[in-house]
Amino acid sequence: MIKYAITRIITVAGMILLPTTLYAQSVPDLPQSVAPSPIYWSIDDARALLDFIVHIDADGLEPGDYGPTQLQAAISGGNPTALDAVASGIFRRAAKDLMEGHVDMQDRIAWHIAVPTADMVAVNELMMAALAIHRVGPALSSLLPTNPEYRALKAMLARTPATNQATIQTLRANMERWRWMPRELGRDYILVNVAGFTLDLIHDDQRVARHRVIVGKLTTPTPQFSSQVTSVILNPWWNIPQSIIAESVGALVRNNPAKAKAKGYVANWAEGKLHVRQAPGPGNSLGQIKLVMPNPYTIYVHDTPAKTLFERPVRAFSHGCIRTEHPFDLAQALLADVPDWNRAAIDATVASRVNTRIDLLRPIPIYVSYFTADLDDAGLVVLHDDLYGRDELVIDALTDRARLDEAG
């Protein structure tokens, strides 16, 4: 029964992402008479750990952060207790960084996607499992992202000459960001890459559609977060945020009410504030389609009447929301399994200008991310400009953290 539990931990890496109480429920209780004895690090297992961390730069991490000199000294020292302490500490630190990322939270600017959590009790279980079957390297490797993007970045990192430090550092930063992402993204999901100005519809790890998007300008950057798309609204009303009312719309409503009415603005005062909505129609700033994706940042994916902006190479023009090209194609894909909502029904409803909400049969996850290296339509890595200037902080954090070897 011990062997069953051990094998399951290693082969199903996602198990250790669960709270310990849930993990304990998934493994049968052991009779007291067969409780496992302590397992200590053998020289061979410690050497396997050393080999793993010496080559951890293949995943964009610094070997020196994991104490290879300390571990080599412990291996050579001949003291099993000391070896056990050093190797166990290094395994735990490497496991934590592989699972949830090396960069501290304060250096992940505007990144609000829930990170996988390294439960140290479960990490210890994984370590014991790996030692029991002498598979230290595979156990640690099982914690890494397995999505095509991460694999492609890793392959390009291996091919990039050491002299091309700019590309190497960009790849490292983006591999690190993938370690901040959930390991289970969903069979179907939407991935918005703000730095690449793209929205991808993913099915079974394969991109089935890509849309160009417009994102937040430098003064109102689009944050990184996850949500679920629950509905599609055709002919949406736009409830204008107070910041935009203060910036421009409020003055128009007060100073030129006829022009404001022609633009579809409907205003009223409540609780001492001016509130403005824009009626559905082709001129609505949300366009004719909006995705319902609840989040605390009031960020949505929607259509836009300013379609010429999609031809610009740098598409940072919004107050933070994500405007998508070909929104009717996206709506059709999301509503494909909803009865009576084929493309003809969508088009007819849009033409009616009637505000209509259609619930998806199953919510679909959406991840609003920031990757300055991703894949093109041919599956090749392409590098993007660092729109919001966030790579440098990640690269510095990957490179400059005090190392175990330097700390003694």
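The values are calculated or read from the model by the stated rules, or taken from the named source; none is laboratory data. Predicted, not measured: the structure shown is a model, and the values here were computed from it. Neighbour counts are summed over all protein chains in view; Cβ atoms, including those assigned to glycine, are modelled from backbone coordinates with ideal geometry. These accessible areas exclude ligands, DNA and RNA; they are computed on the full protein's heavy atoms, side chains included. Shrake-Rupley method; radii C 1.70, N 1.55, O 1.52, S 1.80 Å.
Here are some notes:
- Pick from the range 211-244, criterion surrounded by 17 or more Cβ atoms within 10 Å (Cβ to Cβ) and aliphatic (A, V, I, L, M), ranking: farthest from GLY287 (Cα to Cα): VAL229
- Take the conditions (1) over 28 Å from THR146 (Cα atoms); (2) assigned to a helix (DSSP H, G or I); (3) open to solvent by less than 30 Å² (accessible area, probe 1.4 Å); GLU247 misses just one of them, which is (3).
- Restricting the range 56-74 to residues that are open to solvent by 40 Å² or more (accessible area, probe 1.4 Å) and without any contact (Cβ under 8 Å) to a residue 24 or more places away in the chain leaves a set whose member that is nearest to THR170 (Cα to Cα) is ASP57.
- Condition check for VAL208: surrounded by fewer than 15 Cβ atoms within 10 Å (Cβ to Cβ) and part of a strand (DSSP E or B): yes
- Near pairs, Cβ below 8 angstrom, 6+ apart or cross-chain, from the range 389-401 (under 15 Å from ALA110 (Cβ atoms) and surrounded by fewer than 19 Cβ atoms within 10 Å (Cβ to Cβ)) to any residue that is acidic (Asp, Glu) and modelled with pLDDT of 95 or more: GLU392/ASP386
- Residues within the range 97-111 that are in contact (Cβ under 8 Å) with a residue 24 or more places away in the chain and either surrounded by fewer than 14 Cβ atoms within 10 Å (Cβ to Cβ) or part of a helix (DSSP H, G or I) (or both), tallied: 6
- Within the range 112-127, if we keep just the residues that are of a type outside the set (Ser, Thr, Tyr) and assigned to a loop (DSSP other than H, G, I, E, B), the residue that is modelled with the lowest pLDDT turns out to be PRO116.
- Total residues in the range 374-388, condition surrounded by 15 or more Cβ atoms within 10 Å (Cβ to Cβ) and either of a type in the set (A, V, I, L, M, F, W, C) or closer than 13 Å to LEU153 by Cα (or both): 5
Per-residue answers, yes or no, for (1) over 21 Å from ALA158 (Cα atoms); (2) open to solvent by less than 30 Å² (accessible area, probe 1.4 Å); (3) touching a strand residue (DSSP E or B) at 6+ places or on another chain (Cβ under 9 Å):
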site	(1), (2), (3)
ASP45	yes, yes, no
ASP51	no, no, no
VAL54	no, no, no
SER76	yes, no, no
VAL86	yes, no, no
ALA95	yes, yes, no
